[in-house]
1. Say whether the condition of being surrounded by 15 or more Cβ atoms within 10 Å (Cβ to Cβ), at pLDDT below 95 and closer than 26 Å to ARG257 by Cβ is met by at least one residue in segment 320-335.
2. Would you confirm whether or not segment 73-96 contains a residue that is over 30 Å from TYR181 (Cβ atoms), of a type in the set (D, E, K, R) and within 29 Å of the chain's Cα centre (by Cα)?
3. Take segment 204-220 and flag every residue that is over 20 Å from LEU162 (Cα atoms) and buried (at least 17 other Cβ atoms within 10 Å of the Cβ).
4. So which residues in segment 227-258 are without any contact (Cβ under 8 Å) to a residue 40 or more places away in the chain and closer than 22 Å to TYR296 by Cβ, if there are any at all?
5. Somewhere in segment 387-399, is a residue in a helix (DSSP H, G or I), farther than 24 Å from PRO195 by Cβ and of a type in the set (Phe, Trp, Tyr)?
6. Considering only residues of segment 86-102 that are among the charged types (D, E, K, R) and surrounded by fewer than 15 Cβ atoms within 10 Å (Cβ to Cβ), which is modelled with the lowest pLDDT?
7. Only residues that are in the same structural domain as PHE147 (by TED's automatic domain parsing), without any contact (Cβ under 8 Å) to a residue 24 or more places away in the chain and crowded, with 16+ Cβ neighbours inside 10 Å: list them for segment 165-203, please.
8. Applying the selection to segment 293-330, what residues are touching a residue at least 24 places away in the same chain (Cβ under 8 Å) and among the charged types (D, E, K, R)?
Amino acid sequence: MDEGKIIRFYREKYQLTQEQLGKGICSGTHISKIERLHTEYAPEIITLLSDRLGINIENEIAKLNNIKKRLSHWHNVLIMQLFDEMDLINYELEQEDLIQISDYIYFYKLLRVKYLLMHNLTDEAFTIIKEIQKKEHKLSVYEANLFKHVLGVYYLAKHENLKAIQVLKSINDTDYNNKEYTYYLAVAYHSIESPAMAYFFADKSRQFFKEINNYLRVIDAEMLMVIQVKDDGDFKETIQRFESLIKSCDLCNSPDRKAKVLHNLAFEYFRRKNYELANKYYKESMSLKNNESSPYLLSLEGYIRSAYYGSLLPIDELLQLVNGGLEKALKKNEQLYLILFTLLSYLLQNKEHEYYQYLFDTSLPFFKKFGFVYLIKRSQKELFNYYYKQKKNGKALKMAHVLINH
(Lines give C-alpha, C1' and ligand atoms only; values in the text may rest on other atoms or scores of the structure.)
Protein backbone atom coordinates (compact mmCIF):
# COMPACT_ATOMS: atom_id res chain seq x y z
CA MET A 1 0.00 0.00 0.00
CA ASP A 2 2.79 2.44 0.87
CA GLU A 3 4.92 1.68 -2.19
CA GLY A 4 2.87 4.01 -4.40
CA LYS A 5 3.09 6.90 -1.90
CA ILE A 6 6.86 6.45 -1.65
CA ILE A 7 7.37 6.24 -5.41
CA ARG A 8 5.35 9.42 -5.93
CA PHE A 9 7.22 11.26 -3.16
CA TYR A 10 10.67 10.57 -4.61
CA ARG A 11 9.53 11.13 -8.19
CA GLU A 12 8.28 14.60 -7.26
CA LYS A 13 11.34 15.24 -5.12
CA TYR A 14 13.60 14.59 -8.13
CA GLN A 15 11.22 16.53 -10.43
CA LEU A 16 10.51 13.64 -12.81
CA THR A 17 7.31 13.24 -14.79
CA GLN A 18 5.52 9.92 -14.65
CA GLU A 19 6.56 9.27 -18.24
CA GLN A 20 10.23 10.00 -17.48
CA LEU A 21 10.24 7.66 -14.51
CA GLY A 22 8.48 4.88 -16.37
CA LYS A 23 10.46 5.05 -19.63
CA GLY A 24 11.44 1.52 -20.58
CA ILE A 25 9.64 0.08 -17.53
CA CYS A 26 5.93 0.89 -17.83
CA SER A 27 3.62 3.64 -19.04
CA GLY A 28 3.09 6.94 -17.24
CA THR A 29 -0.57 6.00 -16.89
CA HIS A 30 0.37 2.81 -15.05
CA ILE A 31 2.62 4.78 -12.69
CA SER A 32 -0.23 7.19 -12.04
CA LYS A 33 -2.43 4.26 -10.99
CA ILE A 34 0.37 2.81 -8.79
CA GLU A 35 0.85 6.16 -7.05
CA ARG A 36 -2.89 6.54 -6.46
CA LEU A 37 -3.18 2.90 -5.32
CA HIS A 38 -5.69 2.24 -8.13
CA THR A 39 -4.10 -0.88 -9.58
CA GLU A 40 -2.21 -4.03 -8.74
CA TYR A 41 1.38 -4.27 -9.94
CA ALA A 42 4.20 -6.75 -10.18
CA PRO A 43 6.90 -6.49 -7.49
CA GLU A 44 9.49 -6.37 -10.27
CA ILE A 45 8.09 -3.03 -11.48
CA ILE A 46 8.43 -1.47 -8.04
CA THR A 47 12.01 -2.76 -7.85
CA LEU A 48 12.87 -1.23 -11.23
CA LEU A 49 11.24 2.10 -10.36
CA SER A 50 13.02 2.14 -7.00
CA ASP A 51 16.37 1.46 -8.65
CA ARG A 52 15.79 4.33 -11.05
CA LEU A 53 14.99 6.62 -8.11
CA GLY A 54 18.04 5.37 -6.21
CA ILE A 55 16.10 4.05 -3.22
CA ASN A 56 15.65 0.72 -1.46
CA ILE A 57 11.88 0.33 -1.22
CA GLU A 58 12.03 -2.09 1.74
CA ASN A 59 14.14 0.37 3.72
CA GLU A 60 11.83 3.23 2.82
CA ILE A 61 8.74 1.26 3.93
CA ALA A 62 10.49 0.40 7.21
CA LYS A 63 11.35 4.07 7.79
CA LEU A 64 7.77 5.13 7.07
CA ASN A 65 6.37 2.52 9.46
CA ASN A 66 8.85 3.58 12.16
CA ILE A 67 7.82 7.24 12.12
CA LYS A 68 4.95 6.81 14.59
CA LYS A 69 7.26 5.08 17.07
CA ARG A 70 9.87 7.83 16.76
CA LEU A 71 7.26 10.57 17.17
CA SER A 72 5.81 8.89 20.27
CA HIS A 73 9.28 8.75 21.78
CA TRP A 74 9.85 12.43 20.95
CA HIS A 75 6.52 13.26 22.57
CA ASN A 76 7.63 11.56 25.80
CA VAL A 77 11.00 13.31 25.71
CA LEU A 78 9.26 16.68 25.31
CA ILE A 79 7.08 15.95 28.34
CA MET A 80 10.14 14.89 30.34
CA GLN A 81 11.94 18.08 29.16
CA LEU A 82 15.13 16.20 28.30
CA PHE A 83 16.59 18.99 26.20
CA ASP A 84 19.69 17.28 24.81
CA GLU A 85 17.69 14.28 23.62
CA MET A 86 14.81 16.35 22.26
CA ASP A 87 17.28 18.45 20.22
CA LEU A 88 18.88 15.32 18.78
CA ILE A 89 15.52 13.79 17.84
CA ASN A 90 14.36 17.07 16.35
CA TYR A 91 17.43 17.13 14.11
CA GLU A 92 16.90 13.51 13.04
CA LEU A 93 13.23 14.11 12.23
CA GLU A 94 14.06 17.24 10.23
CA GLN A 95 16.20 15.03 7.98
CA GLU A 96 13.39 12.49 7.54
CA ASP A 97 11.72 13.39 4.24
CA LEU A 98 9.06 10.68 4.51
CA ILE A 99 7.31 12.49 7.37
CA GLN A 100 5.66 14.62 4.70
CA ILE A 101 3.70 11.61 3.36
CA SER A 102 3.23 9.93 6.74
CA ASP A 103 -0.20 9.54 8.33
CA TYR A 104 1.35 11.33 11.32
CA ILE A 105 2.36 14.56 9.62
CA TYR A 106 0.05 16.66 11.84
CA PHE A 107 1.25 14.86 14.96
CA TYR A 108 4.79 15.80 13.94
CA LYS A 109 3.87 19.44 13.31
CA LEU A 110 2.12 19.70 16.68
CA LEU A 111 5.15 18.30 18.47
CA ARG A 112 7.33 20.65 16.44
CA VAL A 113 5.26 23.59 17.76
CA LYS A 114 5.82 22.44 21.31
CA TYR A 115 9.53 21.99 20.68
CA LEU A 116 9.83 25.52 19.29
CA LEU A 117 7.91 26.99 22.23
CA MET A 118 10.21 25.22 24.67
CA HIS A 119 13.08 27.02 22.92
CA ASN A 120 11.23 30.38 23.04
CA LEU A 121 10.85 30.48 19.25
CA THR A 122 7.28 31.80 19.36
CA ASP A 123 7.20 33.34 15.88
CA GLU A 124 8.26 30.09 14.22
CA ALA A 125 5.75 28.21 16.35
CA PHE A 126 2.94 30.57 15.34
CA THR A 127 3.70 30.03 11.65
CA ILE A 128 2.99 26.31 12.08
CA ILE A 129 -0.04 27.00 14.29
CA LYS A 130 -1.63 29.08 11.50
CA GLU A 131 -0.92 26.29 9.04
CA ILE A 132 -2.55 23.68 11.30
CA GLN A 133 -5.59 25.88 11.94
CA LYS A 134 -6.40 25.72 8.22
CA LYS A 135 -6.37 21.90 8.36
CA GLU A 136 -7.88 21.51 11.84
CA HIS A 137 -10.74 19.41 10.48
CA LYS A 138 -8.22 16.76 9.41
CA LEU A 139 -6.85 16.21 12.93
CA SER A 140 -7.61 13.01 14.81
CA VAL A 141 -9.40 13.33 18.17
CA TYR A 142 -6.09 12.98 20.02
CA GLU A 143 -4.38 15.49 17.74
CA ALA A 144 -7.23 17.98 18.20
CA ASN A 145 -6.68 17.89 21.97
CA LEU A 146 -2.90 18.07 21.53
CA PHE A 147 -3.48 21.15 19.37
CA LYS A 148 -5.38 22.78 22.25
CA HIS A 149 -2.52 21.80 24.55
CA VAL A 150 0.20 23.45 22.43
CA LEU A 151 -2.03 26.44 21.69
CA GLY A 152 -2.40 26.98 25.44
CA VAL A 153 1.39 26.88 25.82
CA TYR A 154 1.68 29.42 22.98
CA TYR A 155 -0.80 31.79 24.66
CA LEU A 156 1.18 31.52 27.89
CA ALA A 157 4.37 32.41 26.03
CA LYS A 158 2.55 35.50 24.70
CA HIS A 159 1.25 36.35 28.22
CA GLU A 160 -2.35 35.87 27.05
CA ASN A 161 -3.25 34.00 30.20
CA LEU A 162 -7.04 34.10 29.96
CA LYS A 163 -6.89 32.68 26.42
CA ALA A 164 -4.56 29.96 27.69
CA ILE A 165 -7.02 29.01 30.43
CA GLN A 166 -9.94 28.97 28.03
CA VAL A 167 -8.30 26.68 25.48
CA LEU A 168 -6.62 24.37 28.02
CA LYS A 169 -9.86 23.85 29.95
CA SER A 170 -11.57 22.77 26.73
CA ILE A 171 -9.33 19.67 26.49
CA ASN A 172 -11.27 16.41 26.84
CA ASP A 173 -9.55 14.11 29.36
CA THR A 174 -11.46 11.11 28.02
CA ASP A 175 -9.81 11.40 24.61
CA TYR A 176 -6.46 12.75 25.78
CA ASN A 177 -4.32 10.95 28.34
CA ASN A 178 -1.50 13.52 28.46
CA LYS A 179 -2.27 15.35 31.72
CA GLU A 180 0.83 17.52 31.35
CA TYR A 181 -1.52 20.27 30.19
CA THR A 182 -2.72 20.67 33.80
CA TYR A 183 0.72 22.08 34.65
CA TYR A 184 0.25 24.85 32.09
CA LEU A 185 -3.24 25.50 33.44
CA ALA A 186 -1.67 25.94 36.87
CA VAL A 187 0.89 28.39 35.43
CA ALA A 188 -1.88 30.37 33.74
CA TYR A 189 -3.94 30.61 36.94
CA HIS A 190 -0.81 31.60 38.87
CA SER A 191 -0.16 34.35 36.33
CA ILE A 192 -3.59 35.89 36.95
CA GLU A 193 -3.12 35.47 40.73
CA SER A 194 -5.76 32.81 41.26
CA PRO A 195 -3.89 30.72 43.89
CA ALA A 196 -6.62 28.18 44.68
CA MET A 197 -7.03 27.13 41.04
CA ALA A 198 -3.27 27.26 40.46
CA TYR A 199 -2.69 24.96 43.45
CA PHE A 200 -5.44 22.58 42.33
CA PHE A 201 -4.06 22.09 38.82
CA ALA A 202 -0.43 22.05 39.99
CA ASP A 203 -1.35 19.16 42.28
CA LYS A 204 -3.03 17.33 39.38
CA SER A 205 0.09 17.78 37.28
CA ARG A 206 2.28 16.58 40.15
CA GLN A 207 0.25 13.36 40.35
CA PHE A 208 0.67 12.86 36.59
CA PHE A 209 4.43 13.45 36.70
CA LYS A 210 4.74 10.96 39.57
CA GLU A 211 2.82 8.37 37.57
CA ILE A 212 5.29 8.64 34.69
CA ASN A 213 8.31 8.81 37.05
CA ASN A 214 9.24 12.28 35.86
CA TYR A 215 10.82 13.64 39.02
CA LEU A 216 12.18 16.84 37.47
CA ARG A 217 8.67 17.86 36.49
CA VAL A 218 7.45 16.85 39.96
CA ILE A 219 9.82 19.55 41.26
CA ASP A 220 8.22 22.06 38.84
CA ALA A 221 4.72 21.21 40.03
CA GLU A 222 5.64 21.27 43.72
CA MET A 223 7.32 24.64 43.34
CA LEU A 224 4.13 26.02 41.79
CA MET A 225 2.17 24.64 44.73
CA VAL A 226 4.52 26.14 47.33
CA ILE A 227 4.35 29.67 45.94
CA GLN A 228 0.55 29.67 46.05
CA VAL A 229 0.63 29.64 49.87
CA LYS A 230 0.44 33.32 50.81
CA ASP A 231 -0.65 33.35 54.45
CA ASP A 232 1.36 30.70 56.26
CA GLY A 233 1.89 32.18 59.70
CA ASP A 234 5.56 32.13 60.67
CA PHE A 235 6.66 30.98 57.19
CA LYS A 236 8.56 27.98 58.63
CA GLU A 237 6.64 25.30 56.74
CA THR A 238 7.08 27.14 53.44
CA ILE A 239 10.82 27.50 54.06
CA GLN A 240 11.07 23.76 54.75
CA ARG A 241 9.27 22.99 51.49
CA PHE A 242 11.63 25.28 49.58
CA GLU A 243 14.66 23.65 51.22
CA SER A 244 13.31 20.24 50.27
CA LEU A 245 12.93 21.37 46.65
CA ILE A 246 16.50 22.71 46.61
CA LYS A 247 17.78 19.32 47.85
CA SER A 248 15.72 17.57 45.16
CA CYS A 249 17.28 19.80 42.49
CA ASP A 250 20.76 18.90 43.77
CA LEU A 251 19.93 15.18 43.81
CA CYS A 252 18.60 15.38 40.25
CA ASN A 253 21.55 17.53 39.17
CA SER A 254 19.26 20.26 37.84
CA PRO A 255 20.89 23.69 38.36
CA ASP A 256 18.32 25.39 36.10
CA ARG A 257 15.49 24.28 38.36
CA LYS A 258 17.48 25.11 41.48
CA ALA A 259 17.91 28.65 40.11
CA LYS A 260 14.11 28.98 39.74
CA VAL A 261 13.48 27.65 43.25
CA LEU A 262 16.04 30.07 44.72
CA HIS A 263 14.48 32.97 42.80
CA ASN A 264 11.02 32.13 44.11
CA LEU A 265 12.34 31.75 47.66
CA ALA A 266 14.00 35.16 47.32
CA PHE A 267 10.71 36.67 46.18
CA GLU A 268 8.88 35.17 49.18
CA TYR A 269 11.42 36.80 51.52
CA PHE A 270 11.14 40.07 49.58
CA ARG A 271 7.35 39.94 49.88
CA ARG A 272 7.77 39.64 53.64
CA LYS A 273 10.26 42.57 53.66
CA ASN A 274 13.17 40.39 54.75
CA TYR A 275 15.42 42.16 52.25
CA GLU A 276 18.70 40.68 53.49
CA LEU A 277 17.67 37.07 52.85
CA ALA A 278 15.86 38.05 49.65
CA ASN A 279 19.09 39.61 48.43
CA LYS A 280 21.09 36.52 49.40
CA TYR A 281 18.86 34.11 47.48
CA TYR A 282 18.54 36.36 44.44
CA LYS A 283 22.33 36.37 44.26
CA GLU A 284 22.50 32.58 44.56
CA SER A 285 19.91 32.25 41.81
CA MET A 286 21.89 34.58 39.53
CA SER A 287 25.05 32.54 40.06
CA LEU A 288 23.36 29.54 38.40
CA LYS A 289 22.07 31.43 35.36
CA ASN A 290 23.50 32.62 32.08
CA ASN A 291 24.18 36.30 32.78
CA GLU A 292 22.86 37.25 29.32
CA SER A 293 19.52 35.48 29.79
CA SER A 294 16.08 36.86 30.66
CA PRO A 295 15.84 34.77 33.89
CA TYR A 296 19.14 36.33 35.00
CA LEU A 297 17.78 39.83 34.39
CA LEU A 298 14.67 39.02 36.41
CA SER A 299 16.77 37.92 39.40
CA LEU A 300 19.10 40.91 38.95
CA GLU A 301 16.13 43.25 39.19
CA GLY A 302 15.08 41.56 42.45
CA TYR A 303 18.65 41.64 43.75
CA ILE A 304 18.97 45.40 43.13
CA ARG A 305 15.52 46.21 44.52
CA SER A 306 16.06 44.17 47.70
CA ALA A 307 19.52 45.71 48.20
CA TYR A 308 18.00 49.20 47.82
CA TYR A 309 15.12 48.69 50.24
CA GLY A 310 17.39 46.90 52.70
CA SER A 311 20.21 49.50 52.39
CA LEU A 312 22.61 46.62 51.71
CA LEU A 313 24.81 48.17 49.00
CA PRO A 314 26.00 51.71 48.13
CA ILE A 315 23.83 53.58 45.62
CA ASP A 316 26.67 54.07 43.14
CA GLU A 317 27.27 50.28 43.09
CA LEU A 318 23.56 49.65 42.54
CA LEU A 319 23.49 52.19 39.70
CA GLN A 320 26.32 50.33 37.99
CA LEU A 321 24.28 47.12 38.23
CA VAL A 322 21.21 48.92 36.84
CA ASN A 323 23.21 50.27 33.88
CA GLY A 324 24.54 46.77 33.22
CA GLY A 325 20.98 45.43 33.27
CA LEU A 326 19.84 48.16 30.87
CA GLU A 327 22.65 47.32 28.46
CA LYS A 328 21.75 43.63 28.46
CA ALA A 329 18.03 44.39 28.06
CA LEU A 330 18.76 46.75 25.16
CA LYS A 331 21.00 44.18 23.50
CA LYS A 332 18.25 41.56 23.79
CA ASN A 333 15.50 44.08 22.92
CA GLU A 334 13.60 42.97 26.03
CA GLN A 335 11.03 45.71 26.62
CA LEU A 336 9.97 44.37 30.03
CA TYR A 337 13.48 44.61 31.45
CA LEU A 338 14.15 47.96 29.81
CA ILE A 339 11.14 49.25 31.74
CA LEU A 340 12.06 47.56 35.04
CA PHE A 341 15.65 48.83 35.00
CA THR A 342 14.58 52.32 33.93
CA LEU A 343 12.28 52.43 36.95
CA LEU A 344 15.15 51.31 39.17
CA SER A 345 17.37 54.02 37.70
CA TYR A 346 14.85 56.72 38.61
CA LEU A 347 14.33 55.18 42.03
CA LEU A 348 18.04 55.04 42.89
CA GLN A 349 18.62 58.61 41.70
CA ASN A 350 15.71 59.79 43.82
CA LYS A 351 13.94 61.20 40.76
CA GLU A 352 10.51 60.86 42.28
CA HIS A 353 8.51 62.81 39.70
CA GLU A 354 10.17 61.06 36.74
CA TYR A 355 9.67 57.68 38.42
CA TYR A 356 5.92 58.04 38.89
CA GLN A 357 5.39 59.75 35.54
CA TYR A 358 7.18 56.88 33.79
CA LEU A 359 5.29 54.37 35.92
CA PHE A 360 1.94 55.86 34.85
CA ASP A 361 2.73 56.69 31.21
CA THR A 362 4.86 53.71 30.16
CA SER A 363 5.18 50.93 32.71
CA LEU A 364 1.59 50.36 33.78
CA PRO A 365 0.15 50.34 30.21
CA PHE A 366 2.83 47.82 29.18
CA PHE A 367 2.15 45.59 32.20
CA LYS A 368 -1.58 45.69 31.44
CA LYS A 369 -1.06 44.94 27.75
CA PHE A 370 0.85 41.74 28.50
CA GLY A 371 -0.99 40.72 31.67
CA PHE A 372 1.80 41.01 34.28
CA VAL A 373 -0.67 40.89 37.16
CA TYR A 374 1.83 41.21 40.01
CA LEU A 375 3.52 44.23 38.37
CA ILE A 376 0.14 45.81 37.61
CA LYS A 377 -0.95 45.58 41.26
CA ARG A 378 2.43 46.76 42.54
CA SER A 379 2.37 49.76 40.21
CA GLN A 380 -1.19 50.68 41.13
CA LYS A 381 -0.39 50.57 44.85
CA GLU A 382 2.72 52.71 44.32
CA LEU A 383 0.72 55.26 42.34
CA PHE A 384 -2.05 55.36 44.95
CA ASN A 385 0.46 56.01 47.75
CA TYR A 386 2.22 58.68 45.70
CA TYR A 387 -0.99 60.51 44.77
CA TYR A 388 -2.22 60.33 48.36
CA LYS A 389 1.08 61.74 49.67
CA GLN A 390 0.98 64.51 47.05
CA LYS A 391 -2.62 65.32 48.08
CA LYS A 392 -3.81 64.58 44.56
CA ASN A 393 -7.04 63.24 45.96
CA GLY A 394 -8.86 62.80 42.66
CA LYS A 395 -6.11 60.63 41.19
CA ALA A 396 -5.68 58.76 44.48
CA LEU A 397 -9.41 58.02 44.62
CA LYS A 398 -9.40 56.81 41.03
CA MET A 399 -6.46 54.49 41.70
CA ALA A 400 -8.10 53.22 44.89
CA HIS A 401 -11.22 52.41 42.91
CA VAL A 402 -9.12 50.42 40.41
CA LEU A 403 -7.40 48.50 43.21
CA ILE A 404 -10.68 47.65 44.97
CA ASN A 405 -12.38 46.48 41.79
CA HIS A 406 -9.34 44.42 40.72
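1. Taking every residue of segment 320-335 in turn, at least one turns out to be surrounded by 15 or more Cβ atoms within 10 Å (Cβ to Cβ), at pLDDT below 95 and closer than 26 Å to ARG257 by Cβ.
2. At the first step, the residues of segment 73-96 found to be over 30 Å from TYR181 (Cβ atoms) are none.
No, segment 73-96 has no match at all.
3. So the first thing to find is which residues in segment 204-220 are over 20 Å from LEU162 (Cα atoms), and the list is 206-220.
Correct list: ARG206, PHE208, PHE209, ASN214, LEU216, ARG217, VAL218, ILE219, ASP220.
4. Scanning segment 227-258 gives PHE242, LEU245, ILE246, CYS249, ASP250, CYS252, ASN253, SER254, PRO255, ASP256, LYS258.
5. Within segment 387-399, one or more residues are in a helix (DSSP H, G or I), farther than 24 Å from PRO195 by Cβ and of a type in the set (Phe, Trp, Tyr).
6. If we filter segment 86-102 for residues that are among the charged types (D, E, K, R), which is where we start, we get 87, 92, 94, 96-97.
Then drop every residue that is not surrounded by fewer than 15 Cβ atoms within 10 Å (Cβ to Cβ), which leaves 87, 92, 94, 97.
Values: ASP87: 96, GLU92: 93, GLU94: 93, ASP97: 87.
Only one residue fits best here, namely ASP97.
7. Correct list: VAL167, LEU168.
8. Those that are touching a residue at least 24 places away in the same chain (Cβ under 8 Å) and among the charged types (D, E, K, R): GLU301, ARG305, LYS328.
The values are calculated or read from the model by the stated rules, or taken from the named source; none is laboratory data. Every value quoted in this text rests on a predicted model; they were computed, and no experiment measured them. Here the Cβ is made from the backbone with ideal geometry for all residues, glycine too, and neighbour counts use every protein chain on show.
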